[in-house]
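The values are calculated or read from the model by the stated rules, or taken from the named source; none is laboratory data. On a predicted model such as this, the values are computed, not experimentally measured, just so you know. Cβ placement follows ideal geometry from the backbone for every residue including glycine, while neighbour counts extend to all protein chains displayed.
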Amino acid sequence: MSRLRADKIVNKAATAAPELTYGADVPIAGTITGAGGINITGVATASKFVGDGSGLSGVIASGTGIVCFEDGSLVGTAGTFNFGTNIAVSPPSAGVATISSVNTDTNTTYGFLSQNDGNGNAILRLAGSDTSNDDTLITAGSGINFTGITAGGFSIESSLSGLANVVEDTTPQLGGNLDLNGNTINGNGGISITGGVSATIFTGAFNGASNGLTGTPDITVRNVVGASATFTGGASFGGNVSIAGTLTYEDVTNVDTVGISTFNDDTYFVGTQGSGLYKGMYWDKSLSALQFDDAVKIYMGPTADSPGWTGAGSTQAGPGATLELDGGGGTTGFVNGTNDLMIRSGRYGNTSKTITLEGLVNKKNILITGGAGVKLYNNDIEKLDVNESGAVVTGILTATTLSGILDASELNIGSTVGIATSGGSFSASAGVPTEINAFSVSTTNYKSIEYTVHLTNGNNIQAQKVLVMQNGTTAYASEYAIMSNPNKIASLTAIVSSGDCKLQATPETGISGITTYRIIRQGIL
């Protein structure tokens, strides 16, 4: 391999640069330097270009230059930008140049002036000190003339005459009061006025509201509707009278109504007793209730001398001959009857209806059921049930005296003593025990029990006592006071089995057949 070293290489004629037919290969460590330039007609390819590119020209291909848009529309691609007036560009630094706007128009002033356009119309011009103009044309209509048009202004003159007929103005207005000068307004239309109308006389039919309408001697109208009305003389109504407010009677003794009177709101009947606002009775529409003052009384079946009563009356003492409902005037009301009183439900054949008395809301005290009896309650808890079989008491029954036969199989005395009776029969078999009485240890845990027992078997009889005690698992028994004739029937003992304390009878040798027993049991808890 040979090398060529020289300070300068030219072509053979020494008139131009040499031609490198096959190109030149510059090693990685080598560079091409010089004060001149590199002019290539073909393509220059490099992995990197260094410098700010300020000397590049002709770079306009899309994707290699800068693509320009205006308001979103493509303008083109350029390599050089020339910014015009009012735009300032800073020198590039690190590849970045700053572009900003500059307001140079700080001295322009504007003013208005008028001109004649030569056709009788006026031009309003917004004139700037920079000779810029903005014109607005004002066109004169029919009967209108612009005169004296100068830069300072102009006059508007009208050649129109007055209205020949009011009809020509569809919405005429008065600037002041209208004086008819003794004349009359005639026409087939109407007059609609939002305010008031005053006149010394109205003639013809009157339709609509008649607020403040007065006249002498009479006013004849079809309907009278108003918040209040005062009739100092007489008033005759041939049709219906509708009153939305209050109808007040002054010095009226009687109001006679033929037919039905209908009241659409609260209706009051004023009395003289009590302390309420209306001192009487009133129908409360909001509650759908007929209400009375607490001192009001209701009499049913008044006597002949009752005030205001004109009927045949009654010979009974009164004034409520059969029933009097009295509000009492305080916290207690009364139902009074001169004769018998009956409270009945199921009046027309239904025997299952009830009557309930409550001293407190939803807390029954007495419940009467037709055909089923009467029940008494304490705080809604049943204590006494009286029915066709007798009376059943739930709870403790206390009496100063008890007479007659006490029919009960078990009786508790106090909180620790219980007495019970029982009886029955069994088929005796010698040596085989039979249960003749039992009680539950878990519910009635008698600690000590004394039995009095009587046995009958054929012509054999036996009487004795048995004392039993138990601890819940085992029973202990002792027989005493044993009597029998002619033969002893059975021996008695006790066991605890399946949660019950049981008294058993074991027949003696030679005893068989039906055996009857009667028992009195006294237990101590």
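Checking each residue in the stretch 474-505 for being β-branched (V, I, T) and either under 14 Å from H454 (Cα atoms) or outside the structural domain of T444 (by TED's automatic domain parsing) (or both) picks out I482, I489.
Quick check, is K465 touching an Asp or Glu at 6+ places or on another chain (Cβ under 7 Å) and within 12 Å of A438 (Cα to Cα)? It is false that K465 is touching an Asp or Glu at 6+ places or on another chain (Cβ under 7 Å) and within 12 Å of A438 (Cα to Cα). Looking across the stretch 457-477 at every residue that is under 13 Å from A505 (Cα atoms) and small (G, A, S), the one that is surrounded by the most Cβ atoms within 10 Å (Cβ to Cβ) is identified as A477. Taken over the stretch 283-338, the residue count meeting the criterion of being farther than 23 Å from T267 by Cβ, modelled with pLDDT under 70 and assigned to a strand (DSSP E or B) is 4.
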